[in-house]
Ligand code: FES
Ligand SMILES: [Fe+2]
């Protein structure tokens with residue numbers, strides 16, 4: 001696809017709406033039962049029928065740049081091990097020894113030449129093959145070829161690592177990422193650099209994620225931090241279940257030197273790609289990517305994962321920079337990471353826990369999403385579409401109109 005052409009089209013649309021301080025509204029206000037945030041049965045369905053069905057963005061490629069680099073994490077109850085193999089291929093495995101299921105490494109990042117199980121020392125290569133069984137003579141017969149780590153479909157695309165948490169699923173990433181995946185390649189994240197990571201805890205994962213999908217709350221909840229620089233209007237652009245949030249508020253202060261508003265008056269052929277990409281990118285079902293220019297050009301990737309119970313979630317903030325920040329830029333990049341951790345950890349997530357308590361009273365019948373919160377309506381529509389479909393229905397069928 002013509003990535004630049006598409007981005008120019010969106011930037012022109014944002015500039016038009018900036019001029020009028022209006023947005024395209026959703027057709028109507030949407031209400032949803034408040035128990036979508038508290039129902040344990042629905043929570044279990046989400047883990048099984050959404051998080052184990054669609055491709056999930058689990059890492060940036062630059063978190064695992066070298067052969068032997070690994071990242072272990074638990075996603076919706078599934079222990080996952082991402083490993084870059086000898087020839088550079090990124091693979092994803094169930095982090096579970098084939099002998100009796102012990103994780104080969106605890107949730108962490110690191111570097112290894114092989115993985116040795118901490119229970120009885122079976123060893124596995126970076127490609128997941130079983131390489132050694134301790135006391136093999138005494139153990140008995142074992143077919144090594146049948147006892148490699150169980151692999152998930154995985155692929156690197158747009159400098160990001162995508163995994164389907166279903167060992168039986170077809171490795172079909174195209175249909176899910178579509179045009180949105182192509183636009184993300186504009187960042188060229190494969191050549192960026194990992195800077196920092198923060199882990200935060202919050203209420204139900206949808207409450208934590210909802211806060212990434214509206215700008216309506218920014219000048220209110222975030223009035224003492226970044227709210228006044230952005231304003232409360234978001235223009236939403238939809239790509240299947242994914243979406244992009246464009247900034248179209250006349251903010252009190254200009255946000256950045258390189259945001260979309262700065263393009264006004266320049267011929268579109270001269271608009272820099274990095275400015276065209278500026279804004280917020282939402283990868284369904286649980287990732288938000290936001291751009292900034294502190295400490296050089298950077299992004300924050302926020303992954304919101306369901307926790308162990310319906311009222312718990314984990315937000316992982318990963319900071320990447322186009323160039324490794326050095327000297328004064330390093331201090332500025334660190335301050336930016338701290339700032340964004342403060343905003344989410346001290347402003348958004350405590351509020352999500354207050355909402356959770358309110359819903360758990362059982363007395364709040366429904367929640368509402370306004371015509372200015374179309375992205376939230378879009379997210380909840382797609383979520384419902386995946387969760388209410390029988391498990392056997394493929395992502396391709398669910399994405400079709
Ligand atoms: S469980 Fe891994 S070697 Fe026994
Ligand atoms: Fe917020």
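Quick rundown of the values:
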quantity	calculated
Scan of the range 319-357 for residues that are surrounded by fewer than 15 Cβ atoms within 10 Å (Cβ to Cβ), more than 16 Å from ligand 2 (Cβ to nearest atom) and either touching a residue at least 40 places away in the same chain (Cβ under 8 Å) or under 23 Å from residue 234 (Cβ atoms) (or both), ordered by number	323, 324, 335
Test result for residue 214, more than 16 Å from ligand 1 (Cβ to nearest atom), within 18 Å of the chain's Cα centre (by Cα) and without any contact (Cβ under 8 Å) to a residue 60 or more places away in the chain	no
The listed residue being farther than 24 Å from residue 395 by Cβ, outside the structural domain of residue 147 (by TED's automatic domain parsing) and buried (at least 19 other Cβ atoms within 10 Å of the Cβ), out of 70, 37	37
Criterion: under 24 Å from residue 280 (Cβ atoms) and assigned by TED's automatic domain parsing to the domain that holds residue 98 - qualifying residue of 157, 136	157
The range 299-314: number of residues that are within 19 Å of residue 357 (Cα to Cα) and not in a loop (DSSP other than H, G, I, E, B)	3
Residue count for the range 66-104, restricted to those that are over 12 Å from residue 150 (Cβ atoms) and more than 16 Å from ligand 1 (Cβ to nearest atom)	20
Condition check for residue 134: more than 16 Å from ligand 2 (Cβ to nearest atom) and either part of a loop (DSSP other than H, G, I, E, B) or in contact with a strand residue (DSSP E or B) (Cβ under 7 Å, 6 or more places away or on another chain) (or both)	yes
Residue within the range 316-329 that is under 24 Å from residue 201 (Cβ atoms), within 18 Å of the chain's Cα centre (by Cα) and not in a strand (DSSP E or B) present	no
Test for residue 170: is it part of a loop (DSSP other than H, G, I, E, B) and at pLDDT below 95	yes
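The values are calculated or read from the model by the stated rules, or taken from the named source; none is laboratory data. The shown structure was predicted, so the numbers you read here are calculated from the model rather than taken from an experiment. Cβ atoms come from the backbone with ideal geometry, glycine included; neighbour counts cover every protein chain shown.
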